[in-house]
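Working notes for the structure below.
The values are calculated or read from the model by the stated rules, or taken from the named source; none is laboratory data. Everything numeric here is computed off the predicted structure, so don't read it as measured data. With ideal geometry, Cβ positions are generated from the backbone for all residues, glycine too; neighbour counts draw on all protein chains shown.
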Amino acid sequence: MKRRSGQDPAITKNWRPATLAVRGGSARSEWGETSEALFLTSGYCYDRAEDAAARFAGDQQGMTYSRLQNPTVEMLEKRIALLEGAEACRATATGMAAMTAALLCQLSAGDHVVAGKALFGSCRWLTDTLLPKFGIETTTVEATDNDAWEAAVRPNTKVFFFETPANPTMDVADLEAICGIAKKHGIVSVVDNAFATPALQRPLEFGADVVAYSATKMMDGQGRVLAGAICGTEDFILNTLLPFHRNTGPTLSAFNAWVVLKGLETLDLRIRRQSENALKVAKFLEGRVAKVLYPGLESHPQYALAAKQMEMAGPIFSLYVGGGRKEAHGLLNGLELVDISNNIGDSRSLMTHPASTTHFGMAEEARLEVGITEDMLRLNVGLEDADDVIEDLDRALKSIGR
Ligand SMILES: *Cc1c(COP(=O)(O)O)cnc(C)c1O
């Protein structure tokens with residue numbers, strides 16, 4: 001069985017991404033199963049007491065407890081690391097567990113963080129509310145303004161934290177420039193890559209130090225489980241993240257890891273088709289509504305940058321329907337195929353009103369500052385026929401007189 005192991009670097013080193021997504025990280029058990037095995041076990045047994053002692057002392061390879069290691073979770077971690085081109089990866093229970101661990105594992109009171117202004121709502125809560133509680137200062141900057149990153153650096157700046165494309169403003173931040181500024185000052189850059197996934201964008205290739213994921217989104221891709229992941233160098237994962245992760249326990253369940261392993265098998269296919277569909281739908285909406293924000297459209301302010309650092313623009317975009325909440329909610333209520341749902345990265349088309357849902361917890365002033373207005377809607381375009389999605393949107397737009 002070993003000969004075809006997806007964990008053997010001698011075998012995986014020449015595999016291309018689509019192959020890694022199906023086979024990377026797989027390790028067959030003694031039974032030779034085709035599909036990855038699901039190890040639902042919280043603990044492990046030892047032949048002799050001396051083996052237990054040796055394993056705890058780190059003198060013997062093997063697993064001790066599923067908060068620390070699990071064969072199914074490890075297969076997922078290896079697969080994501082291979083797709084990302086990272087030396088190592090650690091999975092977490094949710095995307096937010098990944099973001100929290102990626103930040104807290106390396107920060108102490110007295111440190112300073114610079115973060116992009118347009119962040120996922122809970123990520124903004126981390127930077128604005130949680131970190132300051134522990135004496136960690138944060139400055140938020142316009143992520144698309146490279147000079148603003150440089151200007152925000154202080155002697156105690158430890159981390160740059162941003163997402164690109166950003167949720168839900170679809171700002172595209174310049175990975176190479178921002179990670180370059182971080183490197184120059186000895187700052188660790190942490191990139192939330194949930195919108196693109198390694199299938200479309202690999203931040204490490206542009207100089208990022210740490211890449212963190214909500215695997216709940218495109219990696220599962222079918223709206224089933226929550227999961228997260230953190231990728232980086234072996235030194236960062238083993239020496240900085242693991243002490244925090246092992247002792248605080250944001251561990252991913254083996255079952256959810258198994259579901260995401262299955263999701264990754266089709267990631268490449270799904271994200272490419274959904275990106276094609278999103279472009280078609282975005283083109284239909286452009287001209288029909290006040291504004292469409294999609295990095296795949298030439299009208300997007302960072303269209304050229306997106307084309308440089310992303311293979312395709314992804315399944316998600318935002319639009320301004322014109323008017324206010326009445327029009328935005330009216331459009332949602334007029335939909336028959338597209339679901340009203342705040343999730344993204346699903347194979348179903350889903351639409352949400354960020355100001356009253358995902359970004360409701362953000363101060364109104366901060367919302368408006370990044371462009372989350374009452375007439376903004378976010379659309380995740382799924383795997384349905386794009387023409388059916390377009391017809392549904394057309395009908396809903398007509399219902400509000402557009
Ligand atoms: C969804 C999301 C998260 C949080 O992930 P969960 O799995 O819901 O905890 C973080 N960042 C971005 C960009 C997201 O879209």
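For this structure, a couple of remarks:
- For the stretch 1-44, the tally of residues that are touching a Ser or Thr at 6+ places or on another chain (Cβ under 7 Å) and of a type in the set (Asp, Glu) stands at 1.
- Selection over the stretch 103-122 of residues that are part of a loop (DSSP other than H, G, I, E, B) and buried (at least 18 other Cβ atoms within 10 Å of the Cβ) gives a count of 8.
- Residue ID - nearest to the ligand (Cβ to nearest atom), chosen from residues in the stretch 143-163 that are in contact with a Gly (Cβ under 8 Å, 6 or more places away or on another chain) and assigned to a loop (DSSP other than H, G, I, E, B): Ala143
- Of the helices (runs of 4 or more DSSP H) lying entirely inside the stretch 9-102, those carrying at least 2 residues that are charged (D, E, K, R) and touching a residue at least 40 places away in the same chain (Cβ under 8 Å) are 71-84.
- The stretch 185-242 - residue that is away from the ligand (no atom under 16 Å from the Cβ) and in a loop (DSSP other than H, G, I, E, B) and, of those, surrounded by the most Cβ atoms within 10 Å (Cβ to Cβ): Arg202
- Scan of the stretch 89-120 for residues that are in contact with an Asp or Glu (Cβ under 8 Å, 6 or more places away or on another chain), more than 15 Å from the ligand (Cβ to nearest atom) and of a type in the set (A, V, I, L, M), ordered by number: Val113
- Leading residue by the ranking (surrounded by the fewest Cβ atoms within 10 Å (Cβ to Cβ)) among those in the stretch 164-184 that are touching a helix residue (DSSP H, G or I) at 6+ places or on another chain (Cβ under 7 Å) and among the charged types (D, E, K, R): Glu176
- Inclusion of Ala282 among residues that are assigned by TED's automatic domain parsing to the domain that holds Gly371, within 16 Å of the ligand (Cβ to nearest atom), modelled with pLDDT of 95 or more and over 18 Å from the mean Cα position of the chain (by Cα) is not warranted.
- Among the residues of the stretch 342-365, those that are away from the ligand (no atom under 12 Å from the Cβ) and either in the same structural domain as Ser122 (by TED's automatic domain parsing) or buried (at least 16 other Cβ atoms within 10 Å of the Cβ) (or both) comprise Ser347, Arg348, Ser349, Leu350, Met351, His353, Ala355, Met362.
- Qualifying positions in the stretch 123-142 - within 16 Å of the ligand (Cβ to nearest atom), surrounded by 18 or more Cβ atoms within 10 Å (Cβ to Cβ) and not aliphatic (A, V, I, L, M): Cys123, Arg124, Thr127, Thr140
- Some residue of the stretch 172-193 being out of contact with any strand residue (DSSP E or B) (no Cβ under 7 Å at 6 or more places or on another chain), of a type in the set (Gly, Ala, Ser) and at positive phi: yes
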